[in-house]
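**Q** I'd like to ask you about the structure that follows.
Each reported figure results from applying straightforward, stated rules to the coordinates on display, with no laboratory input. Just so you know, these numbers come straight off a predicted model, no measurement behind them. Glycine also receives a Cβ, built like all others from the backbone with ideal geometry; neighbour counts cover every protein chain displayed.
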Amino acid sequence: MGATNWGFKKSLWVFHLNAGACNNCDIEVLDCLCPKFDVERFGIKLVGSVKHADVLLVSGSVPRKVVPELIEAYEQAPKPCAVVALGACGCTGGIFKDGYNFAGPVDKHIPVDAYVPGCPPRPEAIIGAIVKLIGTL
Amino acid sequence: MSTTIPIGPFHPVLEEPEYITLQVDGETVLDADIDLGRIHRGMELLAQEKTFDQDCFLVERICGICSASHSWATALAYEDACGVEPTPRAKYLRTIVHELERLHSHMLWVGLAGHIIGYWTVYMWGWKYREPVLDALEAITGNRNNYAWYVPGGVRRDVPDEIWPPVLKAMDEFADNTNLLIGAVLDDPVILGRLKGVGILTKEEAIHYGALGPTARGSGVEIDVRKDEKYGAYDEVDWKVITQPDGDLLAVSVVRLLEMLESVKIIKQCIKNLPGGEIRNEIREIPRAEGIGHIEAPRGESFHYVRTNGTNMPERHKMRAPTFVNIPTYRPRVKGETISDATVIFAIIDPCYSCTERMAVIDPTGKRIANGHDLIKLSHQRTEWLKKNL
Amino acid sequence: MSKQVLENLKAKFGDRVDYYEHNERRAYVTVSNEDWIPVTRYMYEVEKGRLATASGSDRSTGIELLYHFCIERDRSVVSIRTTLKKPFPKIESLTQYYYAADFIEREIFDFLGVEFTGHPDPRKILSSHDRPADFHAMRRDE
């Protein structure tokens, strides 16, 4: 991939936020950490608190109950913070956009910097999206 | 004097957002309550506007980890309503894919449970050994998850014969890796210290709460829809239901570990005896009828009920995932245990909240004095303490 | 086969139950509101059925409630049906005799507005807190 030849100016800390997702995108995110894709070799780390995050990975179609919690989590993240909308649900609502409980998509409530389509997106696509954001932070 | 602890909604290890409140007195948990609904997307109402095939694809997204389960149960419900049997080849193919899904789901759970206890190595190994199963699923159906493959009457695409030898090889390696994990996990005194005798659910409680899947089988209740219902190829292969009598967290973990080995057995037999022929019986006539389909998902029984009215869209589709019924079993398990064990007791039912719909310590005035991140740290601290003192 | 269970029901309740066999593994039994608890308790306590779930729907005749009991030894599912009158459907809760009905009845209350008398914790379970208290998503009231 040639990634080791890029001069990473900053190692990115990522916080994963499930806003009503079916879990598929979420386990693909956790898969990125695991030995086959091993995103930690790029310095990208999954953190446990939104206050340490450089990148927010948001999956899910944002049902009504989650909206205030999503906005609060975004406001607590120290700026600059990039937001990645993950999966078909995160980008547009996917097949749930006609549901009666649908209150999204993600970019209706918080500003989004990258969209990763797919149901679920492959781990390579997720890593690619995060890496693309490196220059923008 | 008791205080209330919320865990969630966005918690680093619990993948879905849910809000669990624990009532505690010092270190001991008195009671628990769970607030669901953050993943509620109105799937049952959406299903009424889809055709039968589209419905099977819609329900895959109830939960990504057990997508084949819901899809198969829905296909069975439509077949039951319309009186159509799937073809013999389809039955075997469906069984193979579903057992592969059980493997990846249980191994995922092993990894997450290891993470909660604080064993990062178990987490990494578990998820690494999962990857060949996902590769096998991708080779057979075209995608790692969300296969769009189960349809009423059979399966959507056939599988060429050259796929099977690499899948069989991957299964042998998976069985070896599972045995390695079983040995490593069950010999470790710290893991035994965390799991043995903790969070007990008695057999009577398991029956009274209607518990399902490994959660019930770990308490000695011998229910398994693969044996209790005629579907797939389970009647034609040799396998057994795994139960453990003790009802604690260790018993449920052992059930899951041994079930992975049984699933490998089932897959190998199905591949060996795979019949030829058609892969789908089309549904030609749609009566006004009701149909029920239920199958054994990795977490328990997945139950689907449909009512058809002569058109190709369901009038009513009721979906019930196993975690919905297993969540209440958390309360008898956690009462009397310590806060540091709360997260691992919670994870033992293998909660799949997206299937279901959908932790802070507050003092009596409502002020938050600890959050979910602190609770996971407490769990890791307990493991460290056990390592020093055993 | 569900035949044995159906014959036992007929023997115990006589004309108060009316059943329809869809095939050898699926049967649907209709009872009145008054016989609801006796029959469902019988299914759990005597026939050792396991309550898998409850489907509710808003039909032209009223709110139809269907409790699905899995009879493991017969490899069959026997569903017990009753119809409740709108606009305020009400029936006794099974939770006080069988805990498995707890979340299941809360969900029916949430989506269809059925009041389960005697339920220990009759709260909504999935709907968003910002919805009004009388909002029931699957009701088809005009």
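**Q** If I model a spin label as a point 7 Å beyond the Cα along the Cα-Cβ vector, how far apart are those points for A:GLU124 and C:ARG59 in nm?
**A** Those two pseudo-labels are separated by 5.2 nm.
**Q** Would you pull out the residues with amide H under 5 Å of C:HIS119's amide H, same chain only if 5 or more places away, H placed 1.01 Å from N?
**A** C:SER93
**Q** Taking amide H positions as placed in the peptide plane 1.01 Å from N, state which residues far from B:GLY154 in sequence (5 or more) or on other chains have amide H under 5 Å from it.
**A** For B:GLY154, the qualifying residues are B:ASN281.
**Q** Just want to confirm a number: the relative contact order over segment A:75-121, from Cα pairs under 8 angstrom separated by 6+ residues, in percent. Before the final figure, lay out the partial values.
**A** Details: 57 pairs, mean separation 23.1, N = 47.
Reported as a whole number, the value is 49 percent.
**Q** Hey, got the dipole for segment B:233-323? About the Cα centre, +1 on K and R Cβ, -1 on D and E Cβ, debye to the nearest 20? Show your work: numbers first, answer last.
**A** Details: 13 positive and 14 negative charges, 60 e Å.
That gives segment B:233-323 a dipole magnitude of about 280 debye.
**Q** State to the nearest 20 debye the size of the charge dipole of chain A about its Cα centre, where the only charges are +1 on K and R beta carbons and -1 on D and E beta carbons.
**A** The dipole of chain A has a size of about 200 debye.
**Q** Would chain A count as rounded, prolate or oblate if I go by the C-alpha gyration tensor, calling it rounded below 1.5 in a/c and otherwise prolate when a/b exceeds b/c, oblate otherwise?
**A** prolate
**Q** Using only the alpha carbons of the protein assembly as shown, determine the length spanned along each of the three principal axes and report them from longest to shortest in whole angstroms.
**A** Ordered largest first, the protein assembly as shown gives principal extents of 79, 65, 54 Å.
**Q** If you stretched the chain out fully between A:SER49 and A:TRP13, how much longer would it get, using 0.36 nm times the residue separation minus the C-alpha to C-alpha distance? All intermediate terms of the calculation are to be shown ahead of the outcome.
**A** Values: separation 36, 0.36 × 36 = 12.96 nm, distance 1.02 nm.
Using 0.36 nm per residue and subtracting the Cα-Cα distance, I get 11.9 nm.
**Q** Using the Cβ atoms and a cut-off under 11 Å, what net charge is assigned to the surroundings of B:ILE200, where Lys and Arg are +1 and Asp and Glu are -1?
**A** Details: positive: B:LYS196, B:LYS203, B:ARG333, B:LYS335; negative: B:GLU205, B:ASP246, B:ASP248, B:GLU337.
Here the count lands on 0.
**Q** In square nanometres, what is the average projected area of the Cα convex hull of segment C:28-96?
**A** 4.6
**Q** Which ³J(HN,Hα) values, rounded to whole Hz and listed in residue order, are derived for segment B:53-66 from phi using the Karplus coefficients 6.51, -1.76 and 1.60 in 6.51 cos²θ - 1.76 cosθ + 1.60 with θ = phi - 60°, glycine and proline given as x?
**A** Using θ = phi - 60°, the values come out as 5, 5, 4, 4, 6, 4, 6, 4, 8, 4, 8, x, 6, 10 Hz.
**Q** Let me ask you something else. Using the 10 angstrom Cβ neighbour count as an exposure proxy, how do C:TYR67, B:TYR123 rank, fewest first? Mind showing how you got there, number by number?
**A** Working: C:TYR67 27, B:TYR123 23.
Ranking C:TYR67, B:TYR123 by Cβ neighbours within 10 Å, fewest first, gives B:TYR123, C:TYR67.
**Q** I've got another one for you. Please compute one quarter of the surface area of the Cα convex hull for chain C and express it in square nanometres.
**A** On the way: hull surface 34.2 nm².
It is 8.5 nm².
**Q** Relative contact order for segment C:80-120: what is it in percent, counting Cα pairs under 8 Å that are at least 6 residues apart? Could the numbers behind the result be given before it?
**A** Working: 41 pairs, mean separation 20.0, N = 41.
That works out to 49 percent.
**Q** Excluding residues fewer than 8 places away in the same chain, name every one of the lysines whose C-alpha is closer than 28 Å to that of A:LYS97.
**A** A:LYS65, A:LYS108, A:LYS132, B:LYS50, B:LYS318, C:LYS124
**Q** On C-alpha positions alone, give me the angle between the axis of helix A:24-33 and the longest principal axis of chain A, in degrees, nearest 10.
**A** 20
**Q** Show me the three semi-axes of the equivalent ellipsoid for chain B, from the C-alpha gyration tensor (sqrt of 5 times each eigenvalue), largest first, rounded to whole Å. Let's see the in-between values first.
**A** On the way: eigenvalues 270, 125, 57 Å².
Those come to 37, 25, 17 Å.
**Q** Would you list, by chain and number, the lysines whose Cα falls below 30 Å from the Cα of B:LYS388, excluding same-chain residues fewer than 8 positions away?
**A** Excluding near neighbours in sequence, the set is A:LYS45, B:LYS128, B:LYS196, B:LYS335, B:LYS377.
**Q** About its Cα centre, how strong a charge dipole does the protein assembly as shown have in debye, to the nearest 20, once Lys and Arg get +1 and Asp and Glu get -1 at the Cβ? Don't jump to the answer; show the numbers that get you there.
**A** Details: 79 positive and 93 negative charges, 146 e Å.
Using Cβ point charges on Lys, Arg, Asp and Glu, the protein assembly as shown gives about 700 debye.
**Q** Quick one: angle between helix C:101-112 and the longest Cα principal axis of chain C, in degrees between 0 and 90, rounded to 10, please.
**A** 50
**Q** Follow-up question, since we're still on this one. Taking the Cα centre of segment B:134-218 as the origin and placing charges on Cβ (Lys, Arg +1; Asp, Glu -1), which of B:ASN143, B:VAL159, B:LEU180 is farthest toward the positive end of the dipole?
**A** Of the candidates, B:ASN143 comes out farthest on the positive side.
**Q** Can you give the convex hull volume per residue for the Cα atoms of segment B:43-106, as a whole number of Å³? The partial results should precede the final answer.
**A** Working: hull volume 5.0 nm³, N = 64.
Each residue corresponds to 78 Å³ of Cα convex hull volume.
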